[in-house]
Every structure is written in structure tokens, then in C-alpha cells.
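Presented below is the structure to which this report refers.
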Amino acid sequence: MTKDQVKELPDRVSTWPADDQEKLAQFVRELEELRAGDDITAEEWGIIERCAARRDLATDEEVERVFSGYRKVLLAAAPLEGVDLERSRDVA
């Protein structure tokens, strides 16, 4: 979407029925709330940086070991139709 298209939106929306305008406004509020929650705070970055400096983060092998254990439990408990948990590890 171009900047010009974004600038046209308020004029277009103002021609809509009030209930449609309210639906759009509610959607925008919800989207803003979701986006606000996505940012990592300065405090969280500090934690990440301290852990990284201490090399206190899991290696790829450690992460795979944990997830493979969960895969085994899931497969044993209730295999999912159409879901290949063994293949899913290669996707990430």
C-alpha cells in the first residue's frame, strides 16, 4: 500500500455507514494493542544481552534435545493425523 493510498482511507471510510466505521475503529484498536505487545522492552533487551554475554543461552543442540523430548511425548500420547512431528523440526 502506498502513502497516497493510506492518505485516501479516511475520506473513503467517512462515506461508510456508522456501524462499519465502528467495526473498523475496533479493529484498529485491537491491532494497535497487539502491536504494542510485540516490542521487547529495554529491560527485556538487557536480560537478553546479559545472558548472551555470559553465553547463558541454549545452543541449537540443547534446544533440539528439549524439543525432541516433547515430540516423543506427543507422539506417544496422541499422534496427530496429518502432522509429521519428526519433519516439523527441520522446518525451523
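The values are calculated or read from the model by the stated rules, or taken from the named source; none is laboratory data. If you're wondering where the values come from, they're calculated on a predicted model, not measured in any experiment. Cβ coordinates were reconstructed from backbone atoms using ideal geometry, including for glycine residues, and neighbour counts include every protein chain displayed.
Points to keep in mind about this one:
- Residue within the range 37-51 that is at pLDDT 80 or above, over 22 Å from the mean Cα position of the chain (by Cα) and either of a type in the set (Lys, Arg) or not in a loop (DSSP other than H, G, I, E, B) (or both) present: yes
- Filter pass, Leu57 being touching a helix residue (DSSP H, G or I) at 6+ places or on another chain (Cβ under 7 Å), in a helix (DSSP H, G or I), surrounded by 10 or more Cβ atoms within 10 Å (Cβ to Cβ) and of a type in the set (A, V, I, L, M, F, W, C): no
- Residues satisfying the criterion are present in the range 66-78 (criterion: at pLDDT 80 or above, within 22 Å of the chain's Cα centre (by Cα) and part of a helix (DSSP H, G or I)).
- Arg87 vs. criteria modelled with pLDDT of 70 or more, over 21 Å from the mean Cα position of the chain (by Cα) and not aliphatic (A, V, I, L, M): no
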